[in-house]
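Structure record follows, encoded as structure tokens.
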Amino acid sequence: MIYIFAALYQELENLIKEYSLEAVNDSILRIWANDTITAVVTGVGKVNAGFAVGRVFALFPPDETSVLIN
């Protein structure tokens, strides 16, 4: 799985469209995913980014081949 975290939606907008990512129902974060990519809007700041990584990894546990991109 490739996890991509960005502060703003505009940073992910083209990627979401290009790879036909589907919105994931989550009441806390804006998440889109398919079989190989998960994209997340974290909001600005280190605390928001750290929280988002923890939340997403709890929902979609990484394996030894996973990659995180910020």
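The values are calculated or read from the model by the stated rules, or taken from the named source; none is laboratory data. If you're wondering where the values come from, they're calculated on a predicted model, not measured in any experiment. Note: ideal-geometry Cβ built from the backbone for every residue, glycine included; neighbour counts use all protein chains shown. For accessibility, only protein heavy atoms count, side chains too; no ligands or nucleic acids. Shrake-Rupley method; radii C 1.70, N 1.55, O 1.52, S 1.80 Å.
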### Task
State whether one or more residues within region 3-23 are small (Gly, Ala, Ser) and on the phi > 0 side of the Ramachandran plot.
yes
### Task
Could you please find all residues in region 28-56 being open to solvent by 60 Å² or more (accessible area, probe 1.4 Å) and among the hydrophobic types (A, V, I, L, M, F, W, C)?
Ile28, Val44, Val47, Phe51
### Query
Taking region 5-27, which residues are open to solvent by 80 Å² or more (accessible area, probe 1.4 Å) and among the acidic types (Asp, Glu)?
Glu11, Glu18, Glu22
### Close pairs (7 angstrom Cβ cut-off, 6 or more residues apart or separate chains): closer than 17 Å to Leu59 by Cβ in region 13-36, basic (Lys, Arg) anywhere
Ile28/Arg55; Leu29/Arg55
### Task
Would you check which residues across region 1-25 are among the charged types (D, E, K, R) and in contact with a strand residue (DSSP E or B) (Cβ under 9 Å, 6 or more places away or on another chain) and list them?
Glu11, Glu22
